[in-house]
Structure formats: structure tokens, C-alpha cells
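Novice: First the structure, which I've put down as C-alpha cells, then a few questions once you've had a look.
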Amino acid sequence: MIEMQLKTIKINDTGDRQYIGLGEVDGDRILTIVIGYQEVQAIKRGVNGTKLERPLTHDFVNNMLEATECKLQRVDITELRDGTFYALVRIERPDGSVAEIDARPSDAIALASMQHAPIFVADEVLFEAATFE
């Protein structure tokens, strides 16, 4: 697994295709992922630390994690199959145990941006889908 960081957020207000770019922490590869409008807005709010008057879905999940004293340990983008990325979120419980939960990368990255959790991508995924900066 290679550690990545959020490098770019491209919002298209007139379309349903939004883009985020993850860049290698210690390298020059970029992984671009197409996501939905709600997810890109949640990521942007997480990055900017913006709080809404009423929570939307990603805010609600983040609030649940905090209320139950759970922490998003990390996000792993594990595979690319038929043009679709797959991810796992690793949640640390108060007793120290870890749960791995299947997630869409966009949802996982939205939570990671809110909790300042690291994002990792499998070597094979980068080999197949990354471009160079």
C-alpha cells in the first residue's frame, strides 16, 4: 500500500462527474477518481472544516464515529475492477480492535477528510490507473 494525499478537487456544477486527484506522499504518481456531486461537496467541507447547520449523510456518519468514540484509522483503496475502484475503511473501536468495512472510495475519502485520516492505495491499482505529475 502506498500512502496518498488529496491533491485536487475539481467541481463541475453543471454535471454529475466530479474529480479528485490523490497524489503519492513520496512520489509523483496521481490517481484520479470520478465521484458524485454530494461526495465532492463532503470532501470539500472536510478539507475546509466547514460545518453545516444540519448534518448531511457524511457528516452524520462522522458524528456517529465521534459519538461512539471510534476513529477512522485509515482508508485503503484496494482494487480496480471493471473500471470501478473499491475501498475499505478501517475503524478503530474504543477497545483497540479494528473493523474493516467495505466502502466506495468517494465516501471513504469524504470521511478521511473530516477525520484527517491517511489514505492508502494498493500498488496494483496505482500501476494500472495512475498518471505522473
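The values are calculated or read from the model by the stated rules, or taken from the named source; none is laboratory data. Given the structure is predicted, the values throughout are model-derived calculations rather than measurements. Cβ atoms come from the backbone with ideal geometry, glycine included; neighbour counts cover every protein chain shown.
Novice: Can you list residue pairs whose Cβ atoms sit under 9 Å apart, with the first residue in the range 86-103 being under 16 Å from Met114 (Cβ atoms) and the second being part of a loop (DSSP other than H, G, I, E, B)? Count only pairs 6 or more apart in sequence or on different chains.
Specialist: Ala87/Arg104; Val89/Ala117; Arg90/Ala117; Ile91/Cys70; Glu92/Cys70
Novice: Another one. When the residues of the range 66-79 are filtered to those that are farther than 14 Å from Met1 by Cα and of a type outside the set (S, T, N, Q), which remaining residue is nearest to the chain's Cα centre (by Cα)?
Specialist: Among them, the one singled out is Leu72.
Novice: Quick check on Thr131: is it surrounded by fewer than 18 Cβ atoms within 10 Å (Cβ to Cβ), modelled with pLDDT under 95, closer than 15 Å to Lys7 by Cβ and in contact with a strand residue (DSSP E or B) (Cβ under 6 Å, 6 or more places away or on another chain)?
Specialist: yes
Novice: What is the residue count in the range 94-119 for residues that are part of a strand (DSSP E or B) and either surrounded by fewer than 20 Cβ atoms within 10 Å (Cβ to Cβ) or hydroxyl-bearing (Ser, Thr, Tyr) (or both)? I'd like the intermediate steps shown before the answer.
Specialist: First pass over the range 94-119, keeping only residues part of a strand (DSSP E or B): 98-103, 119.
With either surrounded by fewer than 20 Cβ atoms within 10 Å (Cβ to Cβ) or hydroxyl-bearing (Ser, Thr, Tyr) (or both) added as a condition, the list becomes 98-103.
Summing the residues that are part of a strand (DSSP E or B) and either surrounded by fewer than 20 Cβ atoms within 10 Å (Cβ to Cβ) or hydroxyl-bearing (Ser, Thr, Tyr) (or both) in the range 94-119 gives 6.
Novice: In this structure, does Thr50 turn out to be exposed (fewer than 13 other Cβ atoms within 10 Å of the Cβ), β-branched (Val, Ile, Thr) and either out of contact with any strand residue (DSSP E or B) (no Cβ under 9 Å at 6 or more places or on another chain) or part of a loop (DSSP other than H, G, I, E, B) (or both)?
Specialist: yes
Novice: Look through Ile77, Ile11, Ile43, Ile91 and report the one residue that is within 22 Å of Glu128 (Cα to Cα) and either surrounded by 16 or more Cβ atoms within 10 Å (Cβ to Cβ) or modelled with pLDDT under 95 (or both). Even if it seems obvious, please write down each step before you answer.
Specialist: Numbers: Ile11 fails: within 22 Å of Glu128 (Cα to Cα); Ile43 fails: within 22 Å of Glu128 (Cα to Cα); Ile91 fails: within 22 Å of Glu128 (Cα to Cα).
The unique qualifying residue is Ile77.
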